[in-house]
Amino acid sequence: MKIVGIAGSVVGSKTRVAVQQILDHITIEHQEIETKLVDLGDYELVFSDGRDYRDYSGDTKTALETIMSADAYIIGTPIFQASIPGTLKNLFDLLPNEAFRDKVVGIVATAGSSKHYLVPEHQLKPILSYMKAVIIPKYVFVEEKSYYQKKIVNDDAIFRLNQLADDLIHGVNVFSEIQREKDSAFPF
């Protein structure tokens, strides 16, 4: 199994740190699972122009192929101006409409204050639902005050991020079992 964590911004480090915490926990607890971080700050993605994701080149092609090869995802988003960043929305626009079909997705959001707590609920979950994701219901929201020198120092935030990692693995296992039962009941 391969899990890709997406840090959905080209600026800052808080979202990447949170996503990496989740991936590190998965690596420690489940050595058989491959993890990969796609930090949008490390790629020069072009703007979506509607073509098939396989027709892009360069960094865009590399990022999209890595994402499409995953079995499950952690999607991290900072909250800017009470919204997800345009770079993350552009990534979704570059992907096919059903990119996350039957794939389990966990969400982590970072922001300067708790005022933005519901942004993932109102903006990110609808996009992921449209793209056919199986969304872990509880997402993790990490405020700026949980960080010190580019590390998460709040024990509760670390606990919740690790719990999201465990929930993602459990969700993948449960959904796989549901798919197996469906396939055996309707083998055609």
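Evaluating S146 against the criteria (1) open to solvent by less than 40 Å² (accessible area, probe 1.4 Å); (2) in contact (Cβ under 8 Å) with a residue 12 or more places away in the chain leaves one unmet condition, (2).
The strands (runs of 3 or more DSSP E) falling completely within the range 5-122 that include 2 or more residues that are open to solvent by 60 Å² or more (accessible area, probe 1.4 Å) map to 34-39. No other residue among K138, K132, K182, K151 is more than 27 Å from S13 (Cα to Cα), touching a residue at least 24 places away in the same chain (Cβ under 8 Å) and open to solvent by 20 Å² or more (accessible area, probe 1.4 Å) apart from K132. For the range 112-160, a residue qualifies if it is more than 28 Å from F100 (Cβ to Cβ) and among the β-branched types (V, I, T), and exactly one does: V153. The single condition among (1) within 15 Å of L161 (Cα to Cα); (2) free of Cβ contacts under 8 Å to residues at least 40 places away in the same chain that R101 does not meet is (1). Can you tell me how many residues within the range 1-18 are among the hydrophobic types (A, V, I, L, M, F, W, C) and within 18 Å of N90 (Cα to Cα)? Result for the range 1-18: 5. Of the residues making up the range 13-30, not a single one is of a type outside the set (G, A, S) and farther than 27 Å from Q163 by Cα.
If the condition is being part of a helix (DSSP H, G or I), farther than 12 Å from T77 by Cβ and touching a Ser or Thr at 6+ places or on another chain (Cβ under 8 Å), then the range 123-153 contributes only E144.
The values are calculated or read from the model by the stated rules, or taken from the named source; none is laboratory data. These numbers come from a predicted model, not from an experiment. Positions of Cβ are backbone-derived with ideal geometry, glycine not excepted, and every protein chain shown enters the neighbour counts. The area values use the complete protein model at the heavy-atom level, side chains included, leaving out ligands, DNA and RNA. Shrake-Rupley method; radii C 1.70, N 1.55, O 1.52, S 1.80 Å.
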